[in-house]
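J.: My questions will all concern the structure given below.
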Amino acid sequence: MGSKYLKILNCLGLIAIAISCGPKGGAGEKQSESEASETVETVARWSKEKAKAWYADQEWLVGANFNPSNSINQLEMWQEATFSPELIDKELGWAEEIGMNTMRVYLHDLAYKQDPEGFLDRMDTMLGLMDKHGMKPLFVFFDSCWDPFVEAGEQRAPKPHVHNSGWVQSPGYYALADSTQYPRLEKYVKAVVGRFAKDERILGWDIWNEPDNDTGVSYRDKEHPNKVDYVLPLMKEAFTWARSQNPVQPLTSGVWLGDWSSEEVMSPIQIAQIENSDIISFHNYDSPEEFQKRINWLKRYDRPMICTEYMARPNGSTFEGFLPIAKAENIGMFNWGLVDGKTQTKYPWDSWEKTYTDEPELWFHEVFHTDGRPYKKSETDLIKSLTER
């Protein structure tokens, strides 16, 4: 990495970043007292009071991680040739009918690089569709999961019966380790947040999905062995880039594995995720008892909480087990998957190791069949009953 991007490691929090890294403009440019205050305010993490006030203005948040059924990954969703507003409109309508009011939606740096203005305009179209259905998205900038060797353009066909066989990381393998590409990533984050910083149709910004994910058996042997050494400082930079646009929406990045019971046992990247997040987010695909335990661990931060991934039926992570707990605790909830499609996440994670020749008896993820029929009507009835105003 270039020294420019490593120096964040020496900064002690976001306020220190603002002071030590300096304001925009020439190196010898002197700031007035008001300008200095504005700089600090711009990069500061939200106070607990501000985060709580924001959350109090929201309905109880219930939604899904959304990718339209005709898209294998983020690029196929957002590139002009395959962007499908009519299908998105239809599938969001199914979600609205069962009471969902938000979606977690992944972006991609290469979709922006390929067509900056078109990408931003498609985001605006998406926001219009979501607003039509009474929903606000939580947009995700970067993701450390699945295929690190990503290219823009036409995407490959799904590998039969394999979970997320075409999902791609952002940034990819080469960009992550190439500090000369970081200005491009900075431009992407600042352009997106800058365009929509005051847009009340957006719920928030999820800076990095599972930043310390090593991709398991799917791609682990092809990954950087020191991947986290690249991701950690870059993730901190990305928080700063987003915050520099002074958005009215909160920033977050969700912890997802390991022990969060105290800072003494948490990893540096988990601590950085928590310390840079305005609202606390997390993932859990285990039992309801484990879900409750993790909520209790995170309560010590005294900030609003959102579970940005859950619901893996064979694991015991179900709507029936989790949603009543979440409602009682006022935890926002995003299950993985909405409509069965090219991501094939009705198949379990072990489909990367075990051969499936037909769909599993019990779907892993997803709420609807491709034609809009609920996979389990008892689930959609539960969601609707719990979200009724």
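J.: With crowded, with 17+ Cβ neighbours inside 10 Å, under 28 Å from W54 (Cα atoms), free of Cβ contacts under 8 Å to residues at least 60 places away in the same chain and of a type in the set (V, I, T) as the only criterion, which of V193, V140 stands out?
T.: None of the other options fit; the residue is V193.
J.: Applying the selection to region 365-389, what residues are surrounded by 12 or more Cβ atoms within 10 Å (Cβ to Cβ) and either closer than 18 Å to A326 by Cα or at pLDDT below 95 (or both)?
T.: E379, T380, D381, L382, I383, K384, L386, T387
J.: Scan region 349-366 and tell me whether some residue there is touching a residue at least 60 places away in the same chain (Cβ under 8 Å) and either within 14 Å of S69 (Cα to Cα) or part of a strand (DSSP E or B) (or both).
T.: Within region 349-366 (the criterion being touching a residue at least 60 places away in the same chain (Cβ under 8 Å) and either within 14 Å of S69 (Cα to Cα) or part of a strand (DSSP E or B) (or both)), the answer is no, since none of the residues qualifies.
J.: So, V265, is that one open to solvent by 40 Å² or more (accessible area, probe 1.4 Å) and part of a helix (DSSP H, G or I) or not?
T.: no
J.: Would you mind stating whether S179 is under 17 Å from S253 (Cβ atoms), in contact (Cβ under 8 Å) with a residue 24 or more places away in the chain and of a type in the set (G, A, S)?
T.: So S179 does not fit the description; no.
J.: Scanning for something buried (at least 20 other Cβ atoms within 10 Å of the Cβ) and modelled with pLDDT of 95 or more, does region 218-226 turn up at least one residue?
T.: no
J.: For region 26-77, which positions are open to solvent by less than 40 Å² (accessible area, probe 1.4 Å), at pLDDT 95 or above, over 30 Å from P158 (Cα atoms) and in contact with a helix residue (DSSP H, G or I) (Cβ under 8 Å, 6 or more places away or on another chain)?
T.: Result: W46, single match.
J.: Could you look through region 272-328, keep only residues that are acidic (D, E) and crowded, with 23+ Cβ neighbours inside 10 Å, and pick out the one that is farthest from M235 (Cα to Cα)?
T.: E309
J.: Still on this model: Restricting to region 78-107, and then to whatever is of a type in the set (F, W, Y) and in a helix (DSSP H, G or I), can you tell me which residue is least open to solvent (accessible area, probe 1.4 Å)?
T.: W78
J.: Within region 169-190, which residues are of a type outside the set (G, A, S), closer than 16 Å to F139 by Cα, touching a Phe, Trp or Tyr at 6+ places or on another chain (Cβ under 7 Å) and open to solvent by less than 10 Å² (accessible area, probe 1.4 Å)?
T.: Within region 169-190, Q169, P171, Y188, V189 meet the criteria.
The values are calculated or read from the model by the stated rules, or taken from the named source; none is laboratory data. Remember, it's a predicted structure, so these values are computed and weren't measured experimentally. Note that each Cβ is placed from the backbone with ideal geometry, even for glycine, and that neighbours are counted across all protein chains shown. Heads up: the accessible areas ignore ligands, DNA and RNA and are worked out on the full protein's heavy atoms, side chains in. Shrake-Rupley method; radii C 1.70, N 1.55, O 1.52, S 1.80 Å.
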